Amino acid sequence: MFKSKLLNEYCFDWCFSYVVLELQLFWIGAHGVREEPQFVTARAGENVILGCDVSYPLNGQPYVVEWFKYGMPIPFFINFRFYPPHVDPEYAGRATLHGKSSLRIENVRSDDQGWYECKVLMLEQQYDTFHNGSWVHLTVNAPPTFTDTPPQYVEAKEGGSITLTCTAFGNPKPSVSWLVKFRAQKSPTNVDFACVQVSDGSLTVLSITREDRGAYTCRAFSPQGEAIHTTRLLVQGPPFIVSPPENITVNISQDAFFTCQAEAYPRNLTYTWFWEEDNVFFKNDLKRRVSILIDGSLIIAQVKPEDAGKYTCAPSNSLGRPPTASAYLSVQYPARVVNMPSVIYVAIGLPGFIRCPVDANPPVTLVKWKKDGFPLRIDKYPGWSQMDDGSIRVAEVTEDSLGTYTCMPYNALGTMGWSPAAPLVLKDPPKFSVVPGGEYRQEAGRELVIPCEAEGDPFPNITWRKVRHSINLSFSLHVYSSLQLKSLTKEDHGEWECVATNVATSITASTHVQVIGTSPHAPTSVHVAASSTWANVSWEASYDGGFQQTFSVWYGHVLKREHLGPHDWLSIPVPGGHDWMVVPGLEPETTYQFSVLAQNKLGTGPFSEVVTVNTLVFPISTPEPLVLLTPPRCLTANRTQQGVLLTWMPPANHTAPIQHYVMEFRLGERWEVLDDSIPAGEMELLARDLVQVKHTDFVQFYVCQFQTKEMSETNSPFSLLHSFYSSIRIQMLLLLLLVLREANISFCVSQLPSGSNLCVRDHQ
């Protein structure tokens with residue numbers, strides 16, 4: 001039983017709320033037998049009607065319609081007759097009564113989804129008479145929408161990290177993935193895509209590099225649709241050159257153009273250009289003819305030959321170290337003479353050169369000479385010749401060389417004219433007055449002075465140099481230009497030259513310095529001959545430092561060295577001071593590196609040069625085809641008046657054609673050839689030379705065949721002795737001998753004509 005205060009609790013804003021109703025009210029639908037719930041599906045933004053079942057006719061009966069949503073403690077919609085309904089603020093303007101008791105919700109939202117219960121209160125009926133009201137489940141399918149997204153632009157520093165998070169809502173729940181757009185390093189137009197599925201909607205980029213910049217698209221997807229949000233990652237860092245300069249060739253007086261385009265963030269780019277190591281604006285002859293455009297390009301106006309060289313572009317945005325890119329400028333110009341000497345000095349009595357200092361691009365093709373103002377005909381001077389660079393070589397300088405010379409070079413672009421005239425002056429060459437000895441031996445750490453003096457007009461200058469040595473050595477010139485090595489070191493060992501030079505020419509004198517008491521020098525001429533599983537390493541021993549030296553061979557697997565250090569090489573000591581060593585146990589088809597190390601009692605020397613070789617493929621042996629060959633058969637001998645008639649049959653089996661037969665015989669110990677070219681088709685031979693053989697002589701015959709394939713004697717020759725019982729009573733024995741190369745066989749064959757036995761045994 002409800003009173004008016006009950007209506008106040010339900011927040012009725014009705015005009016009769018002040019009247020106390022003493023009515024007996026019954027809730028009809030809350031406790032009776034209910035109908036099956038209804039299921040309604042709508043898409044967000046659509047209109048939906050939630051039905052409400054009413055069993056009793058509502059015509060003329062006072063009733064109250066209430067709509068509840070599961071989870072809300074009070075009705076969100078109450079309607080009583082003609083009074084304005086009470087609507088919760090969340091449904092205000094969207095919920096209206098449809099028909100008698102159904103509910104219409106317009107512009108359905110995702111949060112409208114849930115269970116709804118409608119109740120119809122009959123104000124004048126008993127509780128158990130009617131069953132009014134029902135449950136309805138509303139499913140709102142909503143396309144994905146983002147509730148949290150990263151900014152449209154995100155900045156990050158190179159080497160840092162960022163996390164981009166997208167949170168999406170929808171029904172059904174959408175999945176979130178990332179579409180990452182990378183820009184290729186060398187070609188901005190090439191794009192690679194990678195889709196990364198992220199369970200929580202977050203994407204983290206670690207150790208950011210310039211290549212990570214670009215668009216990152218967050219995609220929320222469900223069967224109801226998709227939502228996309230794009231964030232651009234801006235990587236703060238030094239510039240990157242996307243269009244570097246390229247080598248160019250231009251003719252003299254033309255303009256040269258170098259490109260240099262860079263990208264960076266921030267984009268406050270400035271470009272600096274260098275010629276070799278100098279700023280182009282610091283080069284006097286160049287600074288007035290160069291200009292740098294806003295896109296970084298460099299223009300050189302009216303190039304000169306001296307402008308040729310390396311040009312380097314360096315863009316900067318004040319972040320990090322500016323990158324650089326270089327290109328070379330080649331200037332083509334007609335051949336010209338530069339720095340022609342005012343006087344040409346040559347040494348009398350020695351070979352000499354009259355040079356034309358040519359500068360040309362493209363190279364010089366011809367040099368013309370004048371002597372004393374007239375064209376020089378070199379063929380008129382014995383011993384004179386013109387070299388490839390145009391210089392004149394004189395086999396022996398005499399007074400015929402005296403004169404004034406000018407030259408004019410040519411190339412594909414022509415010439416810039418004649419050189420200045422230069423007179424030729426004859427001078428005496430330097431002469432050594434004191435020549436260094438052939439060899440000097442001294443202990444390490446001691447001082448060594450090697451004399452060398454020269455004379456001439458003009459007086460020569462003395463210098464020393466070490467032959468085939470690239471590093472700077474510490475030495476000084478002693479009195480009269482002698483070489484002074486104050487504290488000998490291992491590096492001082494070797495060939496030295498004393499050079500005497502004047503304006504005419506230079507002469508040299510050589511000596512050898514042997515430093516005793518050092519570690520050995522590195523072996524030279526290392527050679528490696530490799531098979532599949534071993535390698536033969538050979539070398540030439542260098543100076544042993546004054547003590548007996550030994551060697552060891554070091555080797556390593558090239559691929560394994562990528563993961564190991566140089567100390568992981570294997571070494572094998574070389575016995576007996578040999579200059580070679582066989583290294584076993586190698587892997588086939590593998591790359592190895594070898595080096596040789598020498599040592600004496602003072603220590604080890606430097607490693608030799610490293611030699612890289614590939615081992616061979618491991619050989620796979622294949623059996624040679626079996627050659628089947630059996631002996632000729634049934635060799636018989638019959639005495640006739642013309643001689644001994646020998647007959648036989650061909651072999652029973654042979655895999656290659658027979659070329660010919662050979663017949664041999666012997667009366668004693670020595671075998672002799674009876675016939676060595678019996679045709680393959682012949683099966684008999686008449687031995688006329690044996691007519692005079694005595695009746696009691698022991699005659700032995702031997703026949704063999706040759707195959708076409710090998711052209712060699714078979715493994716199965718045999719000989720025959722036969723016994724005769726005739727009217728002349730010549731007694732002979734018939735014996736067949738089978739010779740095998742690898743076995744000694746002795747056995748008897750029983751099937752012989754006229755009851756005789758044939759014994760086959762080793763043929764000696």
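Observations
- Taking 0.36 nm per residue of sequence separation and removing the Cα-Cα distance, the Q302/D428 pair yields an extension gain of 40.6 nm.
- Residues in the range 632-638 carry Karplus couplings, in order, of x, 10, 6, 6, 10, 10, 10 Hz; the curve used is 6.51 cos²θ - 1.76 cosθ + 1.60 with θ = phi - 60°, and Gly or Pro positions show x.
- Separation of the alpha carbons by more than 25 angstrom is noted, of K427/K486; K431/K490; K287/K310, for K427/K486; K431/K490.
- Taking 0.36 nm per residue of separation and subtracting the Cα-Cα distance, full extension of the segment from R104 to Q152 would add 13.3 nm.
- Protection proxy ranking of 235-241, 37-43 - average other beta-carbon atoms within 10 Å, highest first: 235-241, 37-43
- Take the Cα of I49, step 7 Å toward its Cβ, do the same at T163, and the gap between the two points is 5.1 nm.
- Along its principal axes, the range 244-333 has C-alpha extents of 43, 23, 20 angstrom, given from the largest down.
- Convex hull volume per residue in cubic angstrom - Cα atoms of the range 379-528: 223 Å³
- Backbone phi angles across the range 255-261, fed through the Karplus curve with coefficients 6.51, -1.76 and 1.60 (θ = phi - 60°), yield HN-Hα couplings of 9, 10, 10, 10, 8, 7, 10 Hz in residue order; Gly and Pro are listed as x.
- The Cα-based radius of gyration and maximum Cα-Cα distance (Dmax) for the range 431-510 are 12.7, 39 Å.
- Between Q254 and T204, the simple label model (points 7 Å from Cα in the Cβ direction) yields a spacing of 5.7 nm.
- Over the range 331-484, Cα pairs under 8 Å with separation of 6+ residues give a relative contact order of 24 percent.
- Divided by 2.2 N^0.38 Å, where N counts the residues, the Cα radius of gyration of the range 99-176 comes to 2.04.
- Positive-end residue of P323, N268, F282, charge dipole of the range 244-333 with Cβ unit charges: N268
- The alpha carbon radius of gyration of the range 290-417, expressed as a multiple of 2.2 N^0.38 Å, is 1.58.
- Protection proxy ranking of 167-180, 600-613 - average other beta-carbon atoms within 10 Å, highest first: 167-180, 600-613
Where a number appears in this text, it was derived from the coordinates with a stated rule and is not lab data. For clarity, every value in this text was computed on a predicted model and none was experimentally measured. Every residue, glycine among them, receives a Cβ derived from its backbone with ideal geometry; neighbour counts consider all protein chains shown.
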